[in-house]
Amino acid sequence: MTRVVDSQRQDRRHRELVREACALVVAGFDDYNASFSDITRRGKRRFEQGDRAGMRADVVSRLELYDQIVDETISRLEGLLANRLFSRSIWRDMRVAFAKMIERKLDAELYKTFFNTITRRLFKTRGVDPAIEFVAFDFQPSDRITHPVARYTYIVGERLAEVFARILDDYRFSLPWLDAERDAARLAERMDQVLEGDEALSIELLETVFYREGRAYLVGRALGRTRHVPCVIALCREDNAIVVDALLTRRLQLSILFGYTYSYFLADLPTVADAVVFLRSLLPDKPVDELYSVLGRAKQGKTERYRAFRRQMSDRPGERFEVAAGKRGMVMAVFTLPSYPLVFKLLRDKFAPEKTIKRREVIERYQLVHRHDRVGRLLDVQEFKSLRFERDRFSPELLEELLEECSRVVRVDGDDLVIRHCYVERRVRPLDLYLSEVEEASARQVMIDMGQALKDLARSNIFAGDLLPKNFGVTRSGRVVFYDYDELALLTDCRFRKMPRAEDDIDVYNDETWFHVAENDIFPEEFPRFMALKRDYLKVLEEAHGELFDAGWWQDVQQRIASGEALDVAPYGNEARLVP
C-alpha cells in the first residue's frame, strides 16, 4: 500500500512539475513578446524625430532580445527542475501539456518555436527530435488563421482625393502634415492612373504603421470593380513635418519592399500570423518565412524556412543536393537543391592561399550583415546548426568536397550527413553568369544597377571589398545584390586614397609597390583593374557611375556619415514617387 501511495505522490509531483515548467515557458515567451512590442513601438517616435540611428539600434536590440529571454527562461527552468532539467520524460510530457496550454492562442506557432529553441539548446539536438519538439512540415501556420487583421476600410463613394484626405487624417503623428491636401490630391491622381479607368470601390489599409530606415508605410490595397492593386503609402519627414513621398501599387515594388535584401520592419502588430495572411494576399508568391522575418520575427522565419525546405525535399524524394552555380568559393563551399531557391554555405577547413582572413573574422562579418541596414543590396542570412540530411541526397562530387574540405563542420552519422554549422540564404544568379546569358541591353542595365548597388552600400556605411562580378548576384526582380561577405568592411574603417604619382623612371618600372600601403588603404582608381569586366561593360559603369573610381567621392560619403548625416537610400524607384 505504501508503494502505491508513494507512486501516486511521485506521479502527482511529476504532473505539477510539468505544468509549472510549461507555465514558465509560456511566461518566458510572453515576456519576450511584451519586450518586443515595447521596442517596436519606439519606431513611431524614432520616425517623428528623424532618428535613423535609433531606429537601427532598436532593430538590433530586438534581434538580441530573443536569445536573452531564452537564456533567462532556461535559468528559471533550472531552478524549478533542478537535476531533472535534462530528463527526456519530463520534456516529452511538457510537449503535450504545452500544446494544450497554447492551443487557443492566435500566434501559437511562435510559442512552439520558442519551446523548440529551448529544447534544442538544452539537448544539442541534431536534426529534429519529434519526442520533445514540435515538428509539422505538412501545414502553414497561417492556414489556421481565421481572425482578420485589424484594418481601416474606406468606401470610395466620393472624390478619391477626399478619401485619401480622410486616410491621412486617420494616421496621427506628433508632427503635422506639411500639406495633406496637396498629398491627397497627388495620391488620388496617381491611383486613377494606376486603375486605368477601373472605378475604385474601396481602400483597405492595416491599422499598424510599418517603420524602417527613416520611413513610415501605410500598407494595404485598393479594390476596383474588376481588380485590386497594392496600395502602400510611403511617408517621409521633411522640415519638421510629414510628407507623402511615394505610392507603391505594383506587386514587384511590394516584393522588393518586403524582400530578403532589406532589414526588418518595426511594426507593432497585435498578432503576426494574421498580418502574414493579409500580406500574402498582396504577395501570393512571397514565401511565408520571408514575411515572418521582415516583420521582425526572425526565429519564426527561420523555422518556416526549414519547414518549407523539408516539404520540398519530401515532394522530390529523388532530387540531390549539388554544388551551386558559379565560381568555386575560396572561403565557402556552397550547395543547393536545384528545385528550391536556397543555398547552403559552409566554411572550408582551409581558405585559399590568397585569403588571409580568419574563420572568426568571416563569422563576424556575417553577424554584421545580419544586424546592419541592408538597404536592398545585401542578402539576409540565417545561421543553422546541427542540420541532418540523408547522405544519399548529396551528389558524389558534392559529398566528396564537403567531407574532404569542410570536415570541421560536416560528419557522417550512419546513413545521414550532419552539418554542424552553415549559413542559408536565398539563391540569386551570379552576376558573371548572368552577363554571359543575357542580351546586351539587359547586361547594360544590370551594370548600371551594379554601380548603384555600390553607391547604396556606401551610403549605408558598407564597402563590398572584393568587386569581382562573381561576388554579386541578380535577383528575380533584376536588382544587383552583394553576397560574398568575407572581405566586406564598414566604409568608415577604410582609407580611400588617390594613387601617388611616380616621380622618376625607377618608380614607374618598379615591379613592387614603391609607396607604403596599409591594410585598409583602398585606391578607387585601381578598381577597373580588379573588376574583371569586359571593356564594354566597364565603359557602361564608368559612364553611369564614374565617381566610383574617384577617391574624393568615397571620402565625401565617409565624412557625411562621420558627421552623423543619415544618407537616404529609398527602397523604391523614382517611378513610385509622387514628385519624381
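The values are calculated or read from the model by the stated rules, or taken from the named source; none is laboratory data. This one's a predicted model, so the numbers in the text were calculated from it and none came from an experiment. Note: ideal-geometry Cβ built from the backbone for every residue, glycine included; neighbour counts use all protein chains shown.
Structure data summary
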item	result
Residue in segment 536-546 that is modelled with pLDDT of 95 or more, assigned to a loop (DSSP other than H, G, I, E, B) and out of contact with any His (no Cβ under 7 Å at 6 or more places or on another chain) present	no
Pair list, Cβ under 8 Å, 6 or more apart: segment 506-535 residue surrounded by 12 or more Cβ atoms within 10 Å (Cβ to Cβ), other residue at pLDDT below 90 and among the charged types (D, E, K, R)	Trp514/Asp507
Hits in segment 556-580 - residues which are among the hydroxyl-bearing types (Ser, Thr, Tyr) and either touching a residue at least 12 places away in the same chain (Cβ under 8 Å) or at positive phi (or both)	Tyr572
Lone qualifier among Ala267, Ala246, Ala222 - being outside the structural domain of Val480 (by TED's automatic domain parsing), over 21 Å from Val294 (Cβ atoms) and hydrophobic (A, V, I, L, M, F, W, C)	Ala222
Qualifying residue in segment 482-489 (condition: among the aromatic types (Phe, Trp, Tyr), touching a residue at least 60 places away in the same chain (Cβ under 8 Å) and touching an Asp or Glu at 6+ places or on another chain (Cβ under 8 Å))	yes
Pairs with Cβ under 6 Å, 6+ apart, first in segment 368-396 and among the β-branched types (Val, Ile, Thr), second in a loop (DSSP other than H, G, I, E, B)	Val369/Tyr485; Val375/Ser460; Val375/Val569
Matching option when the condition is part of a loop (DSSP other than H, G, I, E, B) and surrounded by 16 or more Cβ atoms within 10 Å (Cβ to Cβ), among Tyr485, Tyr423, Tyr434	Tyr485
Some residue of segment 198-212 being among the aromatic types (Phe, Trp, Tyr), in a loop (DSSP other than H, G, I, E, B) and modelled with pLDDT of 95 or more	no
Considering residues of segment 461-482 that are aliphatic (A, V, I, L, M) and either in the same structural domain as Met330 (by TED's automatic domain parsing) or crowded, with 19+ Cβ neighbours inside 10 Å (or both) only, the residue nearest to Pro528 (Cα to Cα)	Leu467
Residue satisfying condition, being among the charged types (D, E, K, R), farther than 21 Å from Ala566 by Cβ and buried (at least 20 other Cβ atoms within 10 Å of the Cβ), within set Asp179, Asp183	Asp183
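Matching residues to (1) surrounded by fewer than 19 Cβ atoms within 10 Å (Cβ to Cβ); (2) of a type in the set (Gly, Ala, Ser); (3) closer than 30 Å to Ile118 by Cα; (4) touching a Leu at 6+ places or on another chain (Cβ under 9 Å):
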position: Asp289; (1), (2), (3), (4): no, no, yes, no
position: Arg320; (1), (2), (3), (4): yes, no, no, yes
position: Ala325; (1), (2), (3), (4): yes, yes, no, yes
position: Met332; (1), (2), (3), (4): no, no, yes, yes
position: Pro338; (1), (2), (3), (4): yes, no, no, no
position: Glu354; (1), (2), (3), (4): yes, no, no, no
position: Gln367; (1), (2), (3), (4): yes, no, yes, no
position: Arg377; (1), (2), (3), (4): no, no, no, yes
position: Arg393; (1), (2), (3), (4): yes, no, yes, yes
